[in-house]
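Take a look at the structure set out below.
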Amino acid sequence: MKKVRLKYEMKRSGGADSAIGHTDVLVTDSIAEQLLEGRKVGKVVCYLIAMASIQGYDGGCFLLDAEPAEENVA
């Protein structure tokens, strides 16, 4: 398992508002490798969209970047 920091942008429908933020996620080594190579991973994108929806952003959430988090789990 590896911890990866995701940078994302959440948007409201109609483009009225957006917010950029980051979150650390614990993912399998395989998913971490894909994210760090710049590829989108469906499960992670679904997580970001759900997170944005809970916060009232109904225009989606877009993965901007992924980088290793400071500490990883063995």
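A few points about this structure:
- Sparse-neighbourhood loop sites, trypsin sites (Lys or Arg not before Pro) in the chain - DSSP loop, at most 12 other Cβ within 10 angstrom: R39, K40
- Whole-Hz couplings from phi, Karplus 6.51/-1.76/1.60, listed for the stretch 47-58; x for Gly and Pro: 4, 5, 5, 5, 4, 5, 4, 4, 8, x, 8, 9
- Share of Cα-Cα pairs in the chain lying beyond 22 Å, as whole percent: 22 percent
- Computed [θ] at 222 nm, helices only, for the chain once each DSSP H run of length n ≥ 4 contributes -39500 (n - 2.57): -8500 deg cm²/dmol
- Counting only Cβ charges, +1 for Lys and Arg and -1 for Asp and Glu, the dipole size of the chain around its Cα centre is about 220 debye.
- Options L6, I31, I49, ranked by Cα towards positive dipole end of the chain, top entry (Cβ charges): I49
- Using C-alpha pairs below 8 Å separated by at least 6 residues, the relative contact order for the chain is 48 percent.
No value in this document is a laboratory result; all are computed from the given coordinates. Keep in mind that what you see is a predicted model, and the values were worked out from it rather than measured. Note: ideal-geometry Cβ built from the backbone for every residue, glycine included; neighbour counts use all protein chains shown.
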